[in-house]
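The values are calculated or read from the model by the stated rules, or taken from the named source; none is laboratory data. Computed from a predicted model, the values in this text were never measured in an experiment. Heads up, the Cβs are rebuilt from the backbone with ideal geometry, glycines too, and the neighbour counts pull from every protein chain shown. Keep in mind that these areas ignore ligands, DNA and RNA; they rest on the heavy atoms of the full protein, side chains included. Shrake-Rupley method; radii C 1.70, N 1.55, O 1.52, S 1.80 Å.
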Amino acid sequence: MQNVMAEQQTYTDNGLLLDTREQNVPRGVVTAHPLVIERAKGSEVWDVEGNRYLDFVGGIGVLNVGHNHPAVVNAVTQQLGLVSHACFQVVAYPGYIELAQRLNTLVGNGEPYKSVFFTSGAEAVENAVKIARAHTNRSGIIAFDGAFHGRTLLGCTLTGMSQPYKQNFGPFASEVYRLPYPNAFHGVSDEDCLQALEQLFAVQILPERVAAIIIEPVQGDGGFLPAGANFMQALRRITEKHGIVLILDEVQTGFGRTGTMFAFQQLGITPDLVTVAKSLGGGLPISGVVGKAAIMDAPLPGGLGGTYGGNALGCAAALAVLDLLENDNLLARSNQLGEQLNARLQQLAEKYACIGEVRGVGFMQAVEIIDFETKRPDAAMTQKILDCACQEGLLLIKCGLHRNVVRFLAPLVTTDSQLEEALHIFDIALARASGRLG
């Protein structure tokens with residue numbers, strides 16, 4: 001063991017470690033950038049060779065409060081000295097109960113809500129479906145094109161993208177139906193989607209057999225597409241009319257990413273269930289379902305749970321994250337950073353014809369890359385832009401049905417100078433990818 005540890009400590013080369021990765025990790029797990037990270041702080045990371053990068057991926061929306069925030073580190077360290085894990089189904093501990101109480105207040109806004117915790121966003125989604133089915137005694141679930149709800153069997157079924165998520169992993173779960181998601185840039189209107197829902201009720205499943213509709217208020221992996229208040233309010237009216245549970249997947253949009261604690265707070269609706277994860281834990285794995293008490297109590301005792309669900313360390317981290325969001329003005333900062341980012345991206349869109357659209361809410365912004373002659377999605381150009389940005393010291397990733405959308409998920413603690421540096425690099429990457437620079 002000592003020899004193995006000594007060998008591990010001598011790794012100071014990305015290439016050597018990535019070669020070892022290739023031999024030991026299956027190809028199905030993709031790493032977007034050819035880097036091995038050694039340490040991180042705030043919006044910055046350093047690889048094993050000592051190179052610094054601006055991280056505008058944030059663990060794919062996990063690090064709204066930044067890497068290794070001292071408050072999160074202190075909370076977890078203190079909890080580690082008390083209880084690291086006990087399993088809430090065996091004995092309760094204060095952090096779980098306090099976190100549930102605080103999230104119920106934030107989501108319920110005075111109405112009786114309850115929370116249950118898990119480990120991953122996919123777990124939260126699956127349990128939200130279980131809760132909705134238990135409450136309604138119905139089986140049908142409606143999801144949307146372009147949705148991403150996880151990599152488990154039901155998560156893959158709900159996810160509205162065939163590649164890379166579905167592959168040959170079927171057969172998939174039954175009783176899942178799909179609708180188009182609003183996308184004005186590609187000509188899909190709110191009315192188109194609502195008409196598709198009425199058609200679905202008419203030809204595929206009666207509304208009386210639908211347990212839930214699950215939707216991201218802003219699609220994440222689907223391309224950073226906002227649903228919009230008018231559409232969400234219409235959907236809320238339809239679900240209330242037919243007794244359908246409305247599940248909002250806020251795994252990526254929650255905890256300040258869109259400028260409010262949750263994206264639904266900008267839409268004039270009250271969801272029945274909300275799934276949360278990612279930035280809730282500030283880097284530690286924790287997820288949950290927060291919902292109306294009468295619906296949450298539908299499963300019988302023993303029907304919900306999981307060995308690591310609401311782990312004590314994850315709860316401690318989550319409570320520290322909520323303190324930071326509420327006390328450090330990070331929601332206002334999200335809006336401020338989002339306005340700055342959007343304005344600069346709009347300027348770049350005027351400069352580069354390959355940017356078809358700039359869109360987003362709060363500090364959840366993206367650009368869609370197209371072939372400027374055909375106006376079709378350009379995945380190859382998108383990848384060139386990402387590679388050029390990485391070479392210059394900026395980490396970004398892509399999304400969208402055609403993988404032609406560059407998304408920005410920088411921490412809310414990003415400084416103005418870091419944002420300006422990142423946009424300067426992005427400008428260079430666009431120039432190089434489009435052939436303006438050598």
### Message
As an exercise: evaluate ALA379 against (1) under 24 Å from the mean Cα position of the chain (by Cα); (2) surrounded by 21 or more Cβ atoms within 10 Å (Cβ to Cβ) and give the number of the one condition it does not meet.
### Response
(2)
## Note on the structure
Those residues of segment 271-303 that are under 17 Å from ILE247 (Cα atoms), open to solvent by less than 50 Å² (accessible area, probe 1.4 Å) and among the aliphatic types (A, V, I, L, M) come to a total of 10
### Task
Taking only segment 167-182 into account, find how many residues are in contact with a Ser or Thr (Cβ under 9 Å, 6 or more places away or on another chain) and surrounded by 13 or more Cβ atoms within 10 Å (Cβ to Cβ).
5
### Query
Which of the residues spanning segment 23-60 are under 30 Å from GLN167 (Cα atoms), part of a strand (DSSP E or B) and in contact with a Gly (Cβ under 8 Å, 6 or more places away or on another chain)?
none
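Listed here are the residues, each with its yes/no results for (1) open to solvent by 60 Å² or more (accessible area, probe 1.4 Å); (2) in contact (Cβ under 8 Å) with a residue 12 or more places away in the chain; (3) assigned to a helix (DSSP H, G or I).
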residue: VAL83; (1), (2), (3): no, yes, no
residue: CYS87; (1), (2), (3): no, yes, no
residue: LEU103; (1), (2), (3): no, yes, yes
residue: VAL107; (1), (2), (3): no, yes, yes
residue: ALA124; (1), (2), (3): no, yes, yes
residue: HIS135; (1), (2), (3): yes, yes, yes
### Task
For segment 49-60, state whether one or more residues are over 30 Å from GLY338 (Cβ atoms) and surrounded by fewer than 16 Cβ atoms within 10 Å (Cβ to Cβ).
yes
### Message
I'd like to verify a number: residues in segment 241-270 that are open to solvent by 10 Å² or more (accessible area, probe 1.4 Å) and of a type in the set (Lys, Arg), how many?
### Response
1
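Restricting attention to strands (runs of 3 or more DSSP E) lying wholly within segment 161-253, give those where 1 or more residues are within 18 Å of the chain's Cα centre (by Cα) and not aliphatic (A, V, I, L, M).
Per the criteria, 245-249.
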### Query
Can you pull out the residues in segment 304-314 that are under 17 Å from ASN127 (Cβ atoms) and open to solvent by less than 10 Å² (accessible area, probe 1.4 Å)?
GLY309, GLY310, GLY314
### Query
Mind checking which residues of segment 61-81 are assigned to a helix (DSSP H, G or I) and open to solvent by 40 Å² or more (accessible area, probe 1.4 Å)?
PRO70, VAL73, ASN74, THR77, GLN78, GLN79, LEU80
### segment 325-368, residues that are over 19 Å from ALA431 (Cβ atoms), open to solvent by 10 Å² or more (accessible area, probe 1.4 Å) and among the hydrophobic types (A, V, I, L, M, F, W, C)
LEU330, LEU331, ALA332, ALA343, VAL361
## Note on the structure
Inside segment 354-373, the number of residues satisfying the requirement of being among the hydrophobic types (A, V, I, L, M, F, W, C) and either in contact with a Cys (Cβ under 9 Å, 6 or more places away or on another chain) or without any contact (Cβ under 8 Å) to a residue 60 or more places away in the chain (or both) is 6
